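Novice: The following block contains the structure, expressed as structure tokens.
The values are calculated or read from the model by the stated rules, or taken from the named source; none is laboratory data. In this text the structure is predicted, and so the values were computed from the model without any measurement. Neighbour counts run over all protein chains shown; Cβ positions are idealised from the backbone, glycine included. Remember, those area values only see protein heavy atoms, side chains included, never the ligands or the DNA or RNA. Shrake-Rupley method; radii C 1.70, N 1.55, O 1.52, S 1.80 Å.
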Amino acid sequence: MKNVTDTEALLVQESGHVVGRRRLAGRRSPRGVIGGWRSLLWVLPALLLVGVFVYSPLLQNIYLSFFRWSVFQPVPEFVGGANYAQAARDPIFWRSMFNNAAYAVVSLVFQVAGALVLAALVETFVRRWGGILRAIYFIPAAISLTVAGLLFYFLYQPQTGLLNEFLRSVGLGDVAQAWLGQESTAIWAIIAMSQWQSFGYTTLLFSVAIQRIPRELYDAADLDGVGPIRRIFSITAPLVREMTTLLVIVTITGAFQVFNEVMVMTAGGPNNSSQVLGTWLYRAGFINNEFGYAAAIATVVFTITILLAVLQLWISRRRRVEW
């Protein structure tokens, strides 16, 4: 048997103390348990409100999506997945899905990629006037969706609208048209309005994220002779990855929850060409009186958004950036 040195004995003794402390730390005193229950009591009212006004309606909506019912049929009739089969056969449902997807793609290009480029350019080249520019960019986001929709509704007027008047004044009168009155342009005109309103808000968020980057990194890049454009792609873009991921998920989720701007500007017309899932859900439930079908559409929207939320949590954990 080997002789135990004084150092080894001290290490064994110290490790025993550490293990003992860990065992003691793992035991919660009665006072700590009572404190934990008291903390739960503080959040219990909020949990009850969320459960009653958020989760309970969601579960009830999913339940009712398996029934056929209306105001003229007070007793719901169980139809299983017939409402979802109706959605799969409904061309307007798929048109609405396409419009939401197009809304999401355009929003990713402008509200995420474009806003990141603009914020990086402002923080790199015109930092002195950055505060004024951020305030100017944010003004459209402070306007309500209803007011912005009405504003662009008048801008898009075929005869007296500012857009067509401008096109005629610069010799492009052939391009002028009824932007909201044609199936080929209605949804794109609405998407353009939405980008105008939301672009400044995402730019402001990116500016805040860029300001959190340590200036020492940019100073080191200057010493290495790195140009400003390369710094945007080598330093700025990678270090705002968390904000980019968050805005990507929020933008896509918001694109599948569009309602106000479409309802104000076209109400889904002309000929249902600008319908989105939110407006088609509204029409199915409150105009066509098909509440079961409307509940099925709402369940589809909820499924898409919850999957994107889970994806957000998963990506944000894997792509966390620290410095």
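Novice: Roughly speaking, what is the stretch gain from residue 49 to residue 259, that is 0.36 nm per residue apart minus the C-alpha to C-alpha distance, in nm to one decimal?
Specialist: Extra length available between residue 49 and residue 259 comes to 73.1 nm.
Novice: Can you give the FRET efficiency for residue 241 and residue 77, using 1/(1 + (r/R0)^6), R0 = 35 Å, r = Cβ-Cβ distance, to the nearest 0.05?
Specialist: Result of the calculation: an efficiency of 0.10.
Novice: To continue, here is another question. How many nm separate the modelled label positions at residue 90 and residue 175, each set 7 Å beyond the Cα in the direction of the Cβ?
Specialist: 3.7
Novice: How long are the semi-axes of the equivalent ellipsoid of the chain, defined as square roots of 5 times the Cα gyration tensor eigenvalues? Whole Å, largest first.
Specialist: One finds semi-axes of 49, 36, 17 Å for the chain.
Novice: Another question, if that's okay. Counting only Cα, what are the radius of gyration and maximum Cα-Cα distance Dmax of the stretch 137-252, in Å?
Specialist: Rg, Dmax (Cα atoms, Å): 20.0, 58.
Novice: Is the C-alpha gyration tensor of the stretch 222-323 telling us rounded, prolate or oblate? Criteria: a/c under 1.5 is rounded; beyond that, a/b larger than b/c is prolate, otherwise oblate.
Specialist: Oblate, because a/c is 1.5 or more while a/b does not exceed b/c.
Novice: Then there is this: About its Cα centre, what dipole magnitude does the stretch 219-314 give when the only charges are +1 on Lys and Arg Cβ and -1 on Asp and Glu Cβ, stated in debye to the nearest 20?
Specialist: 220
Novice: Ok, one more. Measure off, as a whole percent, the carbon and sulfur share of the 1.4 Å-probe accessible area of the chain, all protein chains present.
Specialist: Roughly 66 percent, rounded to a whole number.
Novice: For the chain, build the charge dipole from Cβ charges (+1 Lys, Arg; -1 Asp, Glu) around the Cα centre, then report which of 166, 62, 51 sits farthest towards its positive end.
Specialist: Value computed over the given set: 51.
Novice: So, one more: Give the accessible surface of the chain per residue, rounded to a whole number of Å², with probe radius 1.4 Å and ligands, DNA and RNA excluded.
Specialist: Roughly 62 Å² per residue, with all protein chains present.
Novice: Zone of residue 139 (label point 7 Å along Cα→Cβ, backbone N under 17 Å): which residues in the stretch 264-300?
Specialist: Output list for this probe position: empty.
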